[in-house]
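All remarks here apply to the structure that follows.
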Amino acid sequence: MGNTQENLQEAFAGESQANRRYLFFADRAEKDGHPQIARLFRAVAEAETVHARSHLQTMGGIKSTRENLEVAIGGEHYEFTQMYPGFIEQAESEDNKRALSSFTWANKVEEIHHGLYQQALKVLDAGQQLKDESYFVCQVCGYTVAGEAPDTCPICGAPLSRFKRVE
Ligand SMILES: [Fe+2]
Ligand SMILES: [Fe+2]
């Protein structure tokens, strides 16, 4: 066991993963015809979010919007310049095609996220607000775009119908 700062990091990671995992399990439970189990998964997922937020706040991990953008830019940059390139190479060497495409899509999209955050920081530093518009997220690869969804996803080729609007 590490020190409390390390334990907070680990607990935040675990609770965050549990939140996502239970939401995916809830979708599956709905599909399998178990609406109340789906609801249970969603309820516990909500509680894990409460825990994740508390741990992150305790670590001082939620700062000003400017600082949060810098953290986000750093995280996305690490992912597309270091983490995913290494993972892609490893997946290639193991001939794991599914992992390879999952990593490759994520890698391309993290670079786009990095750009979106950088642009947001620039606008913030100029004392302005980002344009008031929806974002659209490809539900296949995660490609994220402001304003309008494309007819075809430029990353994975999914059609317009696979885009989810984020208000
Ligand atoms: Fe990202
Ligand atoms: Fe896509």
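Peptides 140-153, 103-116 ordered by packing proxy, namely the average of other Cβ atoms within 10 Å per residue, highest first: 103-116, 140-153. Volume of the convex hull of region 4-58 (Cα atoms only), normalised per residue: 47 Å³. Across region 64-129, the mean sequence separation of Cα contacts (distance under 8 Å, 6 or more residues apart), normalised by length, yields a relative contact order of 46 percent.
Considering every alpha-carbon pair of the chain, the percent of pairs per 5 Å bin, from zero through the bin containing the longest distance, is 2, 8, 10, 13, 18, 20, 17, 9, 3, 1, 0. Scalar couplings 3J(HN,Hα) for region 123-128, obtained by applying the Karplus form with A = 6.51, B = -1.76, C = 1.60 to θ = phi - 60°, are 5, 4, 5, 7, x, 10 Hz; x denotes Gly and Pro. Partner aspartates and glutamates whose Cα lies under 13 Å from the Cα of residue 122, excluding those fewer than 8 positions away in the same chain, are identified as 67, 70.
Starting from the Cα-Cα distance between residue 58 and residue 130, subtract it from 0.36 nm times their residue separation and give me the gain in nm to one decimal.
Contour length minus Cα-Cα distance gives 22.9 nm.
I want to make sure I understand the PRE zone here: with the label point 7 angstrom from the Cα of residue 122 toward its beta carbon, which residues in region 75-99 have backbone N atoms less than 17 Å away? The answer is 77.
Expressed as a whole number of Å, what is the distance separating the alpha-carbon centroids of region 101-153 and region 13-66? Cα centroid of region 13-66 versus Cα centroid of region 101-153: 23 Å apart.
Within the straight-line cut-off of under 17 Å between alpha carbons, the aspartates and glutamates reachable from residue 131 are 148, 167, sequence neighbours fewer than 8 places apart in one chain being disregarded. For Cα pairs less than 8 Å apart in space and 6+ apart in sequence, what is the mean separation divided by the residue count of the chain, i.e. the relative contact order in percent? Relative contact order of the chain: 15 percent.
Shown in residue order for region 35-45 are the 3J(HN,Hα) couplings computed by the Karplus curve 6.51 cos²θ - 1.76 cosθ + 1.60 at θ = phi - 60°: x, 6, 5, 4, 5, 4, 4, 5, 5, 5, 4 Hz (x for Gly and Pro).
Read-outs throughout are calculated quantities, based only on the coordinates presented, and are distinct from any laboratory measurement. Worth saying up front: this structure is predicted, and the values here are computed from it rather than measured. Neighbour counts are summed over all protein chains in view; Cβ atoms, including those assigned to glycine, are modelled from backbone coordinates with ideal geometry.
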